[in-house]
1. Give me the percent of the accessible area of segment 59-148 that comes from carbon and sulfur atoms, probe 1.4 Å, all protein chains in place.
2. Filter the chymotrypsin sites (Phe, Trp or Tyr not before Pro) in segment 49-104 to those in DSSP coil with at most 12 other Cβ atoms within 10 Å of their Cβ, and list the result.
3. Go through segment 87-102 residue by residue and turn each phi into a ³J(HN,Hα) via Karplus (6.51, -1.76, 1.60, θ = phi - 60°); whole Hz please, and just put x for glycine and proline.
4. Under a Cβ-Cβ cut-off of 14 Å, what is the net charge of the residues other than V98 that fall near it, where Lys and Arg count +1 and Asp and Glu count -1?
5. Please list, in order along segment 247-263, the HN-Hα scalar couplings obtained from phi with the Karplus expression 6.51 cos²θ - 1.76 cosθ + 1.60 (θ = phi - 60°), rounded to whole Hz, x for Gly and Pro.
6. Restricting to DSSP loop positions (anything but H, G, I, E, B) with no more than 13 other Cβ atoms inside 10 Å of their own Cβ, which trypsin sites (Lys or Arg not before Pro) remain in segment 160-214?
7. Which shape class, rounded, prolate or oblate, goes with segment 111-201 when its Cα gyration tensor gives a ≥ b ≥ c as root eigenvalues, a/c under 1.5 marks rounded, and past that a/b bigger than b/c marks prolate?
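The values are calculated or read from the model by the stated rules, or taken from the named source; none is laboratory data. Owing to the predicted nature of the structure, the values given are computational and were not obtained by experimental measurement. Here the Cβ positions follow ideal geometry from the backbone for every residue, glycine too, while neighbour counts run over all protein chains shown. These area figures cover heavy atoms from the full protein model, side chains too; ligands, DNA and RNA do not enter into them. Shrake-Rupley method; radii C 1.70, N 1.55, O 1.52, S 1.80 Å.
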Amino acid sequence: MTILIWALAYIVFTAVCFALVGGSFVALMAAATDLQGATDPSMDQLQPLMAAYAGMAWILPLTIVFGAVIYTAAMRAVLRPEQKSFGYMRLGMDEVRVFVVYLVLSILAVVAAMVIFGIAGVIAGLAGSAAGDAGGAIAVVFMIAATVLFVWLLVRFSLALPITVDQQKFAIFDSWGVTKGRALGLFGMTVIVIVMAIVVSILTSIVILPLTLLAGGMADLSALEGADVGEIFSAMGPALVIYLIYNGIVSALMLAIFYAPYAAAYRDIRGGAEPVVVEPTPSL
């Protein structure tokens, strides 16, 4: 039942976003189509593309709020199963903390990736130049080592969001200590999660493709430039409805696949101990 509630939330949110920026999205597709084959586009050619992006940018705050609500719900379902009303979705300090921790860790991950792969690339280049014919193999070894190091860092911080929800604090670095000695097991779980996501994606695509074709397929979006939302919806017809339902169901499944296992892993590591008890914060 919870998955269905999340799917419905995704469907409604996507439909609202389409109603708000559907025209800008069509303009974006048209601008991208016009730029196909352009090797050195001028600013005049890029202007419609940038304008389309600008027309869609203002829904970013809505996306951030929705993401914080739905991601927190996935972890709350595991860590606080008694709070099941509204599909575990709330809007309060838990969601604020999850957003802040997610944002900080995302920035740190980008910085770490730039440093790790940058250093590995420089060393691999120097070693490759010195090694001659074996340079290519050496470069591959260094890049594999950099990838392993980066994935190891991701695994060490993988429980930050569940800890944040469970202990109701900004647990940006707490995951480092909790995952000590458990990185290999969490890495194995991550591999399983990725495989499950791929399988779900393939199976749902097999189902949705013939349904979309039977509904007449999606219209050429670039041909709808300048049309209002009603005209766009009429042109796409049932195919758009099928896509909204498909996107909602798949997104809800991916939410459960990617977030619930880490919350469950933290719950099992925590064992039978109760989470830190604090006064509940008001939520909407």
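1. Numbers: 3820 of 4730 Å².
Of all accessible area on segment 59-148, carbon and sulfur atoms account for 81 percent.
2. Numbers: sites: Y53, W58, F66, Y71, F86, Y88, F99, Y102; in loops: W58.
Answer in residue order: W58.
3. Taking θ as phi minus 60°, the curve returns x, 6, 8, 9, 9, x, 5, 4, 5, 4, 5, 4, 4, 5, 5, 4 Hz for segment 87-102.
4. Numbers: positive: R76, R80, R90, R97, K169; negative: D94, E95, D166, D174.
Its environment carries a net charge of +1.
5. Computed from phi, the couplings for segment 247-263 are 4, x, 5, 5, 4, 5, 5, 5, 4, 5, 5, 8, 10, 4, x, 6, 5 Hz.
6. Details: sites: K169, K180, R182; in loops: K169, K180, R182.
Of the trypsin sites (Lys or Arg not before Pro), the ones in loops of segment 160-214 whose Cβ has at most 13 other Cβ atoms within 10 Å are K180.
7. Details: a/c = 3.16, a/b = 1.93, b/c = 1.64.
Verdict is prolate for segment 111-201.
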